[in-house]
Ligand SMILES: *[C@@H]1O[C@H](CO)[C@@H](O)[C@H](O)[C@H]1NC(C)=O
């Protein structure tokens, strides 16, 4: 009796109730399925379901709309179209949990969590179940699995999505090695960024990032990138590379952090202003200009993606003073491109200008 009941649940065609899938009712759609072909043989005897996704990662930037390609077909092709269920989810990696993105059957779909209202299936052609994500967020990078379910058969493929971005080391105004992991996450968010992954730090190191203070990464490890081996940074004996302290205690241990940001909508600019400003005056001056004082992540993104180049030191929202240089020249800091920092000067000093951020261009 129990066995009969179980089979009743497993074979949708024999089940009169509402099929239940991952918290989402599909109504009667699944009941229309003819599970077996005319010969009474399992349809998949000799028929292969094939799911295709690109092998290369897709590169894009924050705020973009992106399509993650995924198509399926049968070998050999069936004579009539078959109903399938589609499930997209984001793989759990880097300390982040697995996340449901979207489930669909026919034209009906449901999206989940932070993807709700931002995703749909492209469905331009039959058997095209590419996923469109709107207004990409910093946290959206990662690997997504596209699963096609036909009866008891399912196949899947993976699409890797990467954001073009910039990694910057960050320490708070109150000094070096003060952040536990959770405070590090908050610190990056306040600068319009997220904690960088190892891959993001690695790419930044390949592009020349050299930093002798250890910082948190998203996977809970603490590392730092060295391109020029030297004594206080692991010594001369080690090859250039990412030095790792390994996994640290997320609450008890304190370091700096590596933050990751991508391009921003809008514009970061040095405010033309007749006088130098205190931090409070700087905030006010940006507001009077219809803008806000820029965050550290916004300045780095403007430097990296829009080539912002300015030899004037200016206040930023966290109370630090910096300036971005893409074309190094004499009297403008070191001979490498970069965002120069004056640390966190006395808030009352009137020796600096300000960088503002305005959401719209113009
Ligand atoms: C993304 O798509 C939305 C809706 O179709 C559109 O309004 C928006 O301009 C698009 N954004 C970009 C960056 O293309």
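Pairing the Cα long axis of helix 181-190 with the longest principal axis of the chain, what angle in degrees results, from 0 to 90 and rounded to the nearest 10?
80 degrees
Mind checking the full-extension length gain between residue 126 and residue 174? Use 0.36 nm per residue of separation minus the Cα-Cα distance, one decimal, nm. Each step should come with its number before you reach the end.
On the way: separation 48, 0.36 × 48 = 17.28 nm, distance 5.77 nm.
Contour length minus Cα-Cα distance gives 11.5 nm.
Relative to the longest principal axis of the C-alpha atoms of the chain, give the angle of the C-alpha long axis of helix 296-306, reported between 0 and 90° and rounded to the nearest 10°.
80 degrees
Could you please tell me the mean projected area of the C-alpha convex hull for the chain, averaged over all directions and given in square nanometres to one decimal? Before the final figure, lay out each step's value.
Working: hull surface 100.1 nm².
Mean projected area of the Cα convex hull: 25.0 nm².
Starting from the Cα of residue 306, step 7 Å toward the Cβ, then list every residue of the range 149-165 with an amide N under 18 Å from that point.
Within reach of a label on residue 306: 164-165.
Can you work out D for the range 201-261 in µm² s⁻¹ from Stokes-Einstein, where Rh is the Kirkwood radius over C-alpha pairs, the temperature is 37 °C and the viscosity is 0.692 mPa s?
On the way: Rh = 11.9 Å.
In µm²/s, the coefficient is 276.
Taking the number of other C-beta atoms within 10 Å as the exposure measure, put 261, 334 in order starting with the fewest.
On the way: 261 28, 334 9.
Arranged by neighbour count, lowest to highest, 261, 334 become 334, 261.
How large is the convex hull of the Cα atoms of the range 263-358 per residue, expressed in Å³ as a whole number? Let's see the in-between values first.
Values: hull volume 8.1 nm³, N = 96.
In the range 263-358, the Cα hull volume divided by residue count equals 84 Å³.
Would you calculate the separation in nanometres between label points at residue 231 and residue 48, each defined as 7 Å from the Cα along the Cα-to-beta-carbon direction?
6.3 nm
Using 0.36 nm per residue, how much length does the chain from residue 199 to residue 327 gain when fully extended, once their Cα-Cα distance is taken away?
Extra length from residue 199 to residue 327 when fully extended: 43.4 nm.
Compute the helix-to-body angle for 279-288: its Cα long axis versus the longest principal axis of the chain, expressed 0 to 90° and rounded to tens.
Its long axis makes an angle of about 60 degrees.
Bear in mind that the values in this text are calculations on the coordinates, not laboratory data. Just so it is clear, the structure is predicted and the values come from calculations on it, not from any experiment. Cβ coordinates were reconstructed from backbone atoms using ideal geometry, including for glycine residues, and neighbour counts include every protein chain displayed.
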